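Q: Structure in C-alpha cells, see below.
The values are calculated or read from the model by the stated rules, or taken from the named source; none is laboratory data. If you're wondering where the values come from, they're calculated on a predicted model, not measured in any experiment. Virtual Cβ from ideal backbone geometry, glycine too; neighbours counted across all protein chains shown. Just so you know, the surface numbers come from the protein's heavy atoms only, side chains and all, with ligands and any DNA or RNA stripped out. Shrake-Rupley method; radii C 1.70, N 1.55, O 1.52, S 1.80 Å.
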Amino acid sequence: MSHQTPNRARVIPLRPPAERPDTAPAVPVPAAAPGTAHRPTPREPLLRDLVGDVLRRERRAQERTLKDVADEARISMPYLSEVERGRKEASSEVLAAAAQALGLSLADLLSRAQGELVRHAARRPVRNRTTTASTYDGLCLAA
C-alpha cells in the first residue's frame, strides 16, 4: 500500500503578504535602528484599485447594493465585487457598464480615479534627482 499525502491548494497572493491590508505580515519586519523610524516606501497605487474605490464610493453614496448595480450593468455580482476591491482588471466595456449603472460616464469614472491618483502623488515625498560627476550645466555655445 502506498501512503498518499492529502491534496493541498496552492495559494498565490495578489500582493505580497506585508502589503495586503487583511493579513498580518508573514515574515517579521526587522526593527528599525534606535533613534530612526522605519517607514516603508509607499507603493504606487494600481489603476484597478483607484477605479474600484471610485465605483464603491459612488455605489455607497447612492445607497445601492452590489446586486442592484451588477444587475443594471449586466455583469455578475461577484465580478463587480472583485472589481471594486481591486482584485480584477476590468475591461473598458465592463467599467463603462458599471459607471453607466451608477449614472456616470466612463470619462467621469476615469476622471475621478485620476483625481485620486493626483492626490496620492501629492502626498508622496519628491525624490531628488541623482547628480552625475559631469559639470555640464546645460549651456552650449557654438561659434
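Q: Any residue at all in segment 99-106 that is open to solvent by less than 70 Å² (accessible area, probe 1.4 Å), assigned to a helix (DSSP H, G or I), free of Cβ contacts under 8 Å to residues at least 60 places away in the same chain and within 15 Å of L47 (Cβ to Cβ)?
A: Taking segment 99-106 and keeping what is open to solvent by less than 70 Å² (accessible area, probe 1.4 Å), we get 99, 101-106.
From the residues that got through so far, the ones that are assigned to a helix (DSSP H, G or I) too are 99, 101, 106.
Narrowing the set further to residues that are free of Cβ contacts under 8 Å to residues at least 60 places away in the same chain leaves 99, 101, 106.
Adding the requirement that they be within 15 Å of L47 (Cβ to Cβ) leaves 99, 106.
Yes, there is a match, as at least one residue in segment 99-106 is open to solvent by less than 70 Å² (accessible area, probe 1.4 Å), assigned to a helix (DSSP H, G or I), free of Cβ contacts under 8 Å to residues at least 60 places away in the same chain and within 15 Å of L47 (Cβ to Cβ).
Q: Out of the residues in segment 78-98 that are open to solvent by less than 70 Å² (accessible area, probe 1.4 Å), outside any helix (DSSP H, G or I) and in contact with a helix residue (DSSP H, G or I) (Cβ under 9 Å, 6 or more places away or on another chain), which is nearest to R57 (Cα to Cα)?
A: If we take residues in segment 78-98 being open to solvent by less than 70 Å² (accessible area, probe 1.4 Å), outside any helix (DSSP H, G or I) and in contact with a helix residue (DSSP H, G or I) (Cβ under 9 Å, 6 or more places away or on another chain), then G86 is nearest to R57 (Cα to Cα).
Q: Looking at (1) open to solvent by 50 Å² or more (accessible area, probe 1.4 Å); (2) modelled with pLDDT under 75, which one does D53 not meet, given that it meets all the others?
A: Only one criterion is unmet by D53, namely (2).
Q: State yes or no: is R74 at pLDDT 65 or above and farther than 19 Å from A113 by Cβ?
A: Judged against the criteria, R74 is a match.
Q: Of all residues in segment 23-50, which are over 15 Å from E116 (Cα atoms), surrounded by 10 or more Cβ atoms within 10 Å (Cβ to Cβ) and either of a type in the set (G, A, S) or at pLDDT 80 or above (or both)?
A: A26, A32
Q: Of everything in segment 60-72, what is surrounded by fewer than 20 Cβ atoms within 10 Å (Cβ to Cβ) and assigned to a helix (DSSP H, G or I)? Give them in sequence order. Walk me through how you get there before you give the answer.
A: Going residue by residue through segment 60-72, those that are surrounded by fewer than 20 Cβ atoms within 10 Å (Cβ to Cβ) are 60-68, 71-72.
The answer is R60, A61, L66, K67, D68, D71, E72.
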